[in-house]
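Worksheet for the structure shown next.
Quick note: the coordinates plus some simple rules give every number you see, no bench work behind them. These numbers were taken from a predicted model, which means no experiment stands behind them. Cβ atoms come from the backbone with ideal geometry, glycine included; neighbour counts cover every protein chain shown.
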Amino acid sequence: MTSIQSANILILATDGYERSELRVPRDELTKRGAKVTIASIKTGEIKSWDETDWGDSVPVDIEAKNVRAADYDALVLPGGQINPDKLRADETALDVVRDFVASGKPVAAICHGPWLLVEADALRGRKATSYPSIRTDLRNAGATWQDQAVVTDNGIITSRSPKDLVPFVDKIVEEVEEGRHERRAA
């Protein structure tokens, strides 16, 4: 088990991430003592989508191709429509997701972020939630979709939208402190 005060959390995102879905987990997890690292499929900065238009940017700490799941205690996948759609088309990003799923470490995805879990075949036979517009995608990938703020199935945490960020972050902390979960790989 890992205390959140000593946890290393990775957030995987690219241009078009929903601003609040990256910033709130990053800021709240940092406030609770975790070290949070931003990974992307590009270097430099990544630009947010802030509800109806482009927002501000955050610096990228590490390229996805250099990520080792062994160096982190959990993975967070913010949503937005643009960000996860770009990432699910990138094999390097999918390798990061698959490695975390195989490691048994917590993997948390919010809004459209579960698209990455769909593409990595990590939801088959699991309970999950998402932004309602992609519920059929989750069902088609073998998940049992539930309309709840947060759904956790063996360390895989999913959430619906920015309005669910408080319970989403709380569940990330809880799952990190529980430690690894025995589960099938993606």
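Here is a list of conditions, (1) among the hydroxyl-bearing types (Ser, Thr, Tyr); (2) over 21 Å from Arg23 (Cβ atoms); (3) buried (at least 20 other Cβ atoms within 10 Å of the Cβ), and Ser130 meets all of them except one; can you say which number that is?
Single failed check for Ser130: (2).
Hey, could you check segment 30-51 for residues that are among the basic types (Lys, Arg) and without any contact (Cβ under 8 Å) to a residue 60 or more places away in the chain and say which is farthest from Glu182 (Cα to Cα)? If you could, list the steps in order and put the result at the bottom.
From segment 30-51, those among the basic types (Lys, Arg) are 31-32, 35, 42, 47; that's our starting set.
So of that shortlist, the ones also without any contact (Cβ under 8 Å) to a residue 60 or more places away in the chain come out as 31, 35, 42, 47.
Numbers: Lys31: 29, Lys35: 24, Lys42: 32, Lys47: 35 Å.
The selected residue is Lys47.
Residues of segment 53-71 being more than 18 Å from Glu21 (Cα to Cα), buried (at least 16 other Cβ atoms within 10 Å of the Cβ) and not small (Gly, Ala, Ser), which ones?
Restricting attention to segment 53-71, the residues satisfying the condition of being more than 18 Å from Glu21 (Cα to Cα) are 62-71.
With buried (at least 16 other Cβ atoms within 10 Å of the Cβ) added as a condition, the list becomes 62, 64, 67, 69.
Correct list: Ile62, Val67.
I need a count of the residues in segment 8-22 that are under 17 Å from Ile62 (Cα atoms) and crowded, with 18+ Cβ neighbours inside 10 Å. Please lay out each step first, then the result.
Just the residues of segment 8-22 that are under 17 Å from Ile62 (Cα atoms), to begin with: 8-15, 17, 22.
Still in the list and also crowded, with 18+ Cβ neighbours inside 10 Å: 9-15, 17, 22.
So the answer is 9.
Having 2 or more residues that are more than 21 Å from Val169 (Cβ to Cβ) is the bar; report the strands (runs of 3 or more DSSP E) wholly within segment 14-116 that clear it. Break it down stepwise before answering.
Details: elements: 35-40, 45-50, 53-59, 74-77, 107-110.
Because the criterion is at least 2 residues that are more than 21 Å from Val169 (Cβ to Cβ), the strands (runs of 3 or more DSSP E) in segment 14-116 that meet it are 45-50, 53-59.
Going through segment 31-78 one residue at a time, which ones are farther than 17 Å from Val96 by Cβ and under 16 Å from the mean Cα position of the chain (by Cα)?
Initial filter on segment 31-78 (farther than 17 Å from Val96 by Cβ): 31-35, 44-45, 47-59.
Answer for segment 31-78, where residues must be farther than 17 Å from Val96 by Cβ and under 16 Å from the mean Cα position of the chain (by Cα): Ala34, Lys35, Ser48.
Looking at Asp56, Asp27, which is the one that is farther than 16 Å from Ala108 by Cα, of a type in the set (Asp, Glu) and without any contact (Cβ under 8 Å) to a residue 60 or more places away in the chain?
Working: Asp27 fails: farther than 16 Å from Ala108 by Cα.
Asp56 is the lone residue from the list that is farther than 16 Å from Ala108 by Cα, of a type in the set (Asp, Glu) and without any contact (Cβ under 8 Å) to a residue 60 or more places away in the chain.
Which residue is farthest from Ile82 (Cα to Cα), if the candidates are limited to segment 122-147 and must be of a type in the set (Ser, Thr, Tyr) and touching a strand residue (DSSP E or B) at 6+ places or on another chain (Cβ under 7 Å)? First the steps, then the outcome.
The initial filter retains those residues of segment 122-147 that are of a type in the set (Ser, Thr, Tyr), namely 129-131, 133, 136, 144.
Okay, now just the ones that are also touching a strand residue (DSSP E or B) at 6+ places or on another chain (Cβ under 7 Å), so 129-130, 144.
Working: Thr129: 19, Ser130: 15, Thr144: 24 Å.
Step by step, filter segment 122-147, then rank; the result is Thr144.
Can you name every residue in segment 33-50 that is farther than 16 Å from Thr14 by Cα and surrounded by fewer than 18 Cβ atoms within 10 Å (Cβ to Cβ)? Don't jump to the end; show me each part of the working.
Of all residues in segment 33-50, those farther than 16 Å from Thr14 by Cα come to 33-35.
Those that are farther than 16 Å from Thr14 by Cα and surrounded by fewer than 18 Cβ atoms within 10 Å (Cβ to Cβ): Gly33, Lys35.
Restricting to segment 117-148, what's the tally of residues that are assigned to a loop (DSSP other than H, G, I, E, B), within 15 Å of the chain's Cα centre (by Cα) and farther than 14 Å from Leu75 by Cβ?
The first filter runs over segment 117-148 and keeps only residues assigned to a loop (DSSP other than H, G, I, E, B), leaving 120-126, 129-131, 141-143, 146-148.
Filter once more, keeping what is within 15 Å of the chain's Cα centre (by Cα): 120-123, 129-131.
Of the ones still in play, those that are also farther than 14 Å from Leu75 by Cβ are 121, 123, 129-131.
So the answer is 5.
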